[in-house]
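Shown next, in C-alpha cells, is the structure this report addresses.
The values are calculated or read from the model by the stated rules, or taken from the named source; none is laboratory data. Because the structure is a prediction, the values reported are computed rather than measured. Cβ: placed from backbone, ideal geometry, glycine included. Neighbour counts: every protein chain shown. Each accessible area value is taken on the protein alone, full model and side chains, heavy atoms only, with ligands, DNA and RNA left out. Shrake-Rupley method; radii C 1.70, N 1.55, O 1.52, S 1.80 Å.
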Amino acid sequence: MSHRRARLLSTPLRHLDVLLIGATLSISGLGMIMIYSATKARTREEGVSSLYYVNRQGIWIVLGVLTMAAVMAIDYRKLRDLAPIGYLGMVFLLGAVLVPGVGTIAKGSQARFQLGAFQLQPSEFTKFFLILMLAAYCYLHRNDFGLRRVFVAVAICGLPLALVMLQPDLGTALVLGAISFAMLTIGGVRGRYLAILALVVFTGAIGAVNLGVLKQYQVDRLTSFLNQSRDTRGTTYNLDQSKIAIASGGLTGEGLGQGTQTNGRFVPEQHTDFIFTAVGEELGFVGGATLLALFGLVVWRTWRTARLTNDLFGTLVCVGVIAMFTFQIFENVGMTMGIMPITGIPLPFMSYGGSSTIVCFACIGLVANVHMRRFS
Amino acid sequence: MIEGSRVRVSIVGVVVLALFCALFARLWYLQVAGGTQLAAAANANRVRTVTDPAPRGRILDAKGREIANNRVANVVTIDRRLDPAVRKKVFAELALLLGTTVAEIDKRLSDARVSPYTPVPVGIDVPIDTLAYIAEHKDAFPGVRAEPRAVRRYPLGSLASHVLGYVGEINEQERAAKPKNAYELGDEIGKSGVEKSFEKDLRGKSGKERLEIDVQGRVLKTLSTTKPVPGHDVQLTLDLDVQNVAESALAEAMTTARQTHDASVKDKFENYRAPAGSVVVLDAKTGSVVAMASNPTYDPNTFAGGIPTQTYADYNNPENHYPLLNRAIQGQYAPGSTFKLVTSLAGLATGRISPGTTVDDKGFIDLGVEGGRFQNAGNVAHGTVDLPNALTVSSDVYFYEIGRAFWGDFHRNAPTGNAIQDEARTLGFGAPTGIGLSGEVKGRVPDSAWKAAVHAERPDAFPYAQWLPGDNINLAVGQGDLLVTPLQLATAYETVANGGTLFTPRLASQVLDLSQKRVRVIPPTPKATVALPEGARRAIMAGLRGAVQDAKGTAGTVFAGFPFAQQDLAGKTGTAQVVGKQDTSVFVAINPPDPAPDQPQYVVVALIEEGGFGADTAAPIVRRVIEGLVGLPLTPIRIASATTAD
C-alpha cells in the first residue's frame, strides 16, 4: 500500500516542471502588483478598498492553482477520453450564454453568466476544451487523416468559434482560430489542405469585413493600428494613450505607483486588456522585457515538453497551449505597442479576470501533466 | 512522436521565437530608442498650466488719490471640458439662475480667445444668494465654479475717462503685436489711454500653477506654483480737483449753450448745437497735463468684464457724437484767432513787423479780385491798431496784412515766404505732441506743397494747385485749411508763456511699487527751445492781457469782475468758421503771464464745437477752470447769445 502510494505520488511529481510553474506564479504575482497600481485611482473613485481588485485576482489565482493541481492529478490520457464530454458541455454553455436572460450583456457582447458576485466567461474555458478535443480527434485519426477527417476537425474548431463570434467576441474567436490552425498543422493535416484552409479563412475574413458581419467599431479598431497618427480623441485614443504610457517608461520606468499615465487613468481598461502599459510605464524596458522573458520561459518549457513527449496527443496539447499563449501574448502586448490591432484579449496571468486566469492555470496544468508523465 | 510532426513543432518554435523577438524589438524601440517624442506627449497629457492673473496697478492723481483700482467681483465660471450630455442640463439651469440664455452661455464657451483650460466666466457680479445656491447644489452644477476675481474699477466713473482709457480682453491683433508668449488668450490688456500707454508698468506678472491632472481633468497634485507679481501704480500729473472743475464747467457750458439762441444765424431761429468740446490744462513750467477733458464722455467701468453689445453700439453711434473719442488729442479744428499768436511771432521774428507797427483797420481788406474781400467779424472797423491792440480787439485786418505780405515773399521766393507755417511747426503744430496716448492726430499746417498734393489727388474738390494770397491770408487768422488739436494749441501757448520751451506733454510723474516705493521717475521732457525775444513776448502778452482785462478786449465782458490784481491773466479768443456748421468757440488763457520763480503757471484751452464765438462758450469755461485752479469762488456760466468780436 505504502509502496504503491509512494510510486503514485512520487514518480510523476519527480518530473514536475518547476521552471514552468515558477515562471507562471511569478507572472501572476507581478500581475497582482500591476493590477494594484492600475486600479489605485479607480478604486478611490469607486469608493471601494484599494485592494478590491487585487484581492479578487488573488482569489482567481488560488482557484487557478487549485484547478492546475486538479488537472495535473489526473493522467492526461484519461483527460483525452473525457475530452468529448467537456467539449460538448462547453458548446452547450456557449449556446446557453446567447439565450436572452441567461447570459449577461456587458461591453456590447453577451458572453457571461452572472454567478452571484462573479461572472463566468464560457468562451475562456472553450480554449481549454477545444485544445483537448482537437488533440484527441487528431490523435485518434493520426494514421488516417483524410479530407473527410479534415472537415470534421474543422467543424470541431468551427462550431465553438462561430458561437463565440455570435456573442460577439472577436478576440477570443481569433485565439480559437490560432489554436486550431497550429494544432491542425501538427496533427498531420497535409500541407495543401492547410494552404486551402488558410485561403478560405483569409477570404472569409475579407468577406466578413466587407459584408458587414463585423461591427463598424470592430473594423475601426482592427484597422486603426494601420494608421496611427489620426487623432488622440477618436478611434486611436486607446492606442495613443497606451503607446504614450509605455514610451514614458523609458529604460527603467517611472517607478511602481509613479506612472502618470497610470495614475491619471489615461489608458482605458488598464487593469484588464491594457495591463502591459502599467508594466511598461512604471517598470520600463527592464520590467517589460523581464515579463516577456518570463512568458518566453513558459512558452519555451511548453515547447520543450511538446518535443520531449513521445505521445502525439501530448504534443498536440502542448502545441495548442503554445498557440494560445503566444497568440494572446503577441496580440495583447503587440496591440499596446501599436503593432497589432486592438481586440479584447487578456494577457495571460496578468490581466484582471477570473475565467481567463483559471483557464490559463488549467492549461499550464495540462502541460505540466504531459511533462511529468512523459516517460510513463 | 511522428517525424513530420517533429519538424512542424520545430517550425512552430521558430515562429514563436520570431514573434517574441518582434515584441522585444518594438518594446526597445518605443521605450529606449525613440521614446522622447511620446514621453513628451505624456507630459502634455498630464500637465496643465493655470494662470493666476496679477492685480493691475492703480492709477493715482497728482495728489495720490485713486482714479483706477481693482475690486473683487464674484464671477461664475464654467469648465469648458464638461461632458456634452451633462453640459446641456447644467446650462439650462445656470441660464435660469443667472438670468441669461443657454445660447448666450454657449457663445461665451465657444469663445476661442479663452484657453481651453481656463474656466470661462459666464456671469460677473453675481448676487450673493445665487452664489450660495450654486455652492449648496454643487452636484447639480458640475464644472461650475463661483470665484472671486479682480475686476478693474474706476471709482470716479467717467471722470478723466479719456485720459485713463479702459481695459479689456486682448485680441489676436494686439497679441500678435506683443513679444511672443507675453500674453495669453483671455488676458486683460489696456486698450486706450493711460491703461494702454502704461500697460507695462500697470500689468504686473501673472502667476502660474502647473498641475498634474487625470484623464477627467481632475487635479492630482500641484507640480509648481509661481506667485503673481502685482502691477505698479502710476501717478499722473492730473489733479482730480482741476479735472473735476474742467469737466463740470465743460458739461455745464455745453448744456447751457444748447439752450442759448445763436444770434449769428439770421435766417432761422437756432440754438447753439454744442455737441462736443474739450478742455486742456497744462502746467506751463513742466509741460505736465493738469487736466484733460473731452465731452461727450463714457464710463470706463462699462468695459470691465466685457462691454455689453448695446453699450458698445451706442458708443459708436454717430448720433451720440462718439464719446470714446478724446477730442483734446483726436479732434482737429481750425483754431481761429487763437492762431494770431503764431502769426504775430512769425511777423516779429522775420522783422516784417515790430510791436509798434500799426495798420489802419477799416474793417476789411480787398485784393481787388473776385472773392478777394476779407473782413473783420461783424465788419467792425478798429481804426489804427498796433500789435498789442490788434490782439486785444482781435483785428483780423492787422493779421490779414501780415499774411498778404508773407504771400508776397512766397511769390518772390523769398526765404520768409513760409514764415507763418515755419513758426507754426516750430511751435509744434502739424505733428503729434507725443503725449503718449494712442490715437493722437497731427493736425495740418497747409502750405504750397500740401495744396499741390491735394489738388493732384482730388482736382474736383481742390481746383487750384497754386498757393494763393487768400490761402495765406486765411492762415494768418487761423482759418482755411489749418487744423490743430486742443492739446497742440495748449503746448504752443505754453511755449510762449514759459519763455520758449516746448515740452512733450507729460501725463505721469512717477511709477510706484506695491509698497509705494518709487520705481521710476518720469521727468518733464523739453522737446525744443524756441527763440523768443523778450520784446516780442512782452508785446504779445500785453495784447493777450488786454483781451481779458480791457473792457474793449474780446473776452473783457466774460472776465468782468475777475480779480486781476491778485490773479494776472492773459488770453485769446478764437472763432473758427466751419462750412455747414456753427462756429467753433475757442479760448486760451495763460495764468499768470509772468509768474514768480516759485509760482506755477497754467495754460488753459477750451474748445466747443458749434459753440459760437470764442467769448460765447469757451471763455466762460476757462474762467471757471482758472478760478478752480487758483481757489477763487466759481462764477456761474453765462453763455452770450453771439459776441461780435472773435
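Descriptive notes on the structure:
- Restricted to the stretch B:3-39, and to residues there that are more than 9 Å from chain A (Cβ to nearest Cβ) and at pLDDT below 90, the residue that is farthest from A:Met324 (Cα to Cα) is B:Ala33.
- Identification of strands (runs of 3 or more DSSP E) wholly contained in the stretch B:441-542 with 1 or more residues that are surrounded by fewer than 16 Cβ atoms within 10 Å (Cβ to Cβ) yields B:518-521, B:525-529.
- Scanning the stretch A:246-263 for residues that are surrounded by fewer than 24 Cβ atoms within 10 Å (Cβ to Cβ) and either more than 7 Å from chain B (Cβ to nearest Cβ) or closer than 13 Å to A:Gly287 by Cβ (or both) returns A:Gly250, A:Leu251, A:Thr252, A:Gly253, A:Glu254, A:Gly255, A:Leu256, A:Gly257, A:Gln258.
- Among the residues of the stretch B:282-295, those identified as open to solvent by 10 Å² or more (accessible area, probe 1.4 Å) and in a loop (DSSP other than H, G, I, E, B) are B:Lys285, B:Thr286.
- Residue that is farthest from B:Arg46 (Cα to Cα), among those in the stretch A:264-285 that are more than 20 Å from the chain's Cα centre (by Cα) and more than 9 Å from every other protein chain (Cβ to nearest Cβ): A:Leu283
- Residue in the stretch B:277-299 that is of a type in the set (Phe, Trp, Tyr), more than 14 Å from every other protein chain (Cβ to nearest Cβ) and over 22 Å from B:Ile435 (Cβ atoms) present: no
- Candidates in the stretch A:106-134 are the residues that are in a loop (DSSP other than H, G, I, E, B) and not charged (D, E, K, R); of these, the one that is least open to solvent (accessible area, probe 1.4 Å) is A:Gln121.
- For the stretch A:305-356, taking the residues that are closer than 26 Å to A:Arg77 by Cα and of a type in the set (S, T, N, Q), the one that is surrounded by the most Cβ atoms within 10 Å (Cβ to Cβ) is identified as A:Thr315.
- Cross-chain or 6+ apart pairs with Cβ under 8 Å, the stretch A:28-45 first and within 13 Å of A:Phe276 (Cβ to Cβ), then at pLDDT below 95 and surrounded by fewer than 20 Cβ atoms within 10 Å (Cβ to Cβ): A:Ser37/A:Leu256; A:Ser37/A:Gly257
- Given (1) among the small types (Gly, Ala, Ser); (2) farther than 19 Å from B:Gly336 by Cβ; (3) out of contact with any helix residue (DSSP H, G or I) (no Cβ under 7 Å at 6 or more places or on another chain), index of the condition B:Ala419 fails: (3)
- Residue in the stretch B:554-570 that is over 30 Å from B:Ile353 (Cα atoms), of a type in the set (Phe, Trp, Tyr), assigned to a loop (DSSP other than H, G, I, E, B) and in the same structural domain as B:Leu282 (by TED's automatic domain parsing) present: yes
- Subset tally (residues that are within 14 Å of another protein chain (Cβ to nearest Cβ) and open to solvent by less than 10 Å² (accessible area, probe 1.4 Å)) for the stretch A:357-376: 2
- Restricting attention to the stretch A:93-105, the residues that are surrounded by 12 or more Cβ atoms within 10 Å (Cβ to Cβ) and either of a type in the set (Gly, Ala, Ser) or closer than 24 Å to A:Leu134 by Cα (or both) total 7.
- Counting only residues that are surrounded by 15 or more Cβ atoms within 10 Å (Cβ to Cβ), in a strand (DSSP E or B) and of a type in the set (A, V, I, L, M), the stretch B:185-219 holds 3 of them.
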